[in-house]
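See below for the structure under consideration.
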Amino acid sequence: MGSLSKESFDAFLESLKRAGVAIYNESELRERLAEARRWQYAFATLASNGRALGIRFEDARNGVDEVGIRRTFCRFHFPKSIETAFAASLRAA
C-alpha cells in the first residue's frame, strides 16, 4: 500500500457492493474506517479479523463480479496479496 489512494472509503465500499459483495455490520466498519488514519490498512485488518465485531463480507448474489473486485482493489491501491485473500475469503464463505 505504498501510494495510498486519497479516495474515500465510501467509494471503495460502494464499489465492492456493486461487485456483489454483501457487507455485514457495515455501520461498525464505516465507523472504524472513519477513525483510521490510513483506512486501507484498517480495511485489510477488519476484512481478515472483523468477525468478532460482526464485520464480515459475503457473496451477495451467488457469483460476485471478480473482475469488478479486482478493479476496485487496484483503483484504491491495495496490494495484490490483500485482494487475493479477500477474494478467497468470499469464495470460502
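The values are calculated or read from the model by the stated rules, or taken from the named source; none is laboratory data. What you see is a predicted model, and the numbers here were worked out from it, not measured in a lab. All Cβ positions, even for glycine, are placed from backbone atoms using ideal geometry, and neighbour counts span all protein chains on display. Keep in mind that these areas ignore ligands, DNA and RNA; they rest on the heavy atoms of the full protein, side chains included. Shrake-Rupley method; radii C 1.70, N 1.55, O 1.52, S 1.80 Å.
About the Cα centre, and with charges only on the beta carbon of Lys, Arg (+1) and Asp, Glu (-1), how big is the dipole of the chain? Nearest 20 debye, please.
Magnitude of the dipole: close to 240 debye.
Which of Ile55, Thr45, Leu33 sits closest to the plus end of the dipole of the chain, meaning its Cα is farthest towards the positive end, when Lys and Arg get +1 and Asp and Glu get -1 on the C-beta? Selected residue: Thr45. Does anything in segment 78-93 have its amide N under 11 Å from the 7 Å Cα→Cβ label point of Glu7, and if so which residues? Counting backbone N atoms under 11 Å from the label point, the list is 78. Note on Val67: accessible area is roughly 60 Å² with a 1.4 Å probe, heavy atoms of protein only.
Any chance you could list the semi-axes, whole Å, largest first, of the equivalent ellipsoid that the Cα gyration tensor gives for the chain, using √(5λ)? List each step's numbers first, then the result.
On the way: eigenvalues 64, 51, 28 Å².
Over the Cα atoms of the chain, the semi-axes work out to 18, 16, 12 Å.
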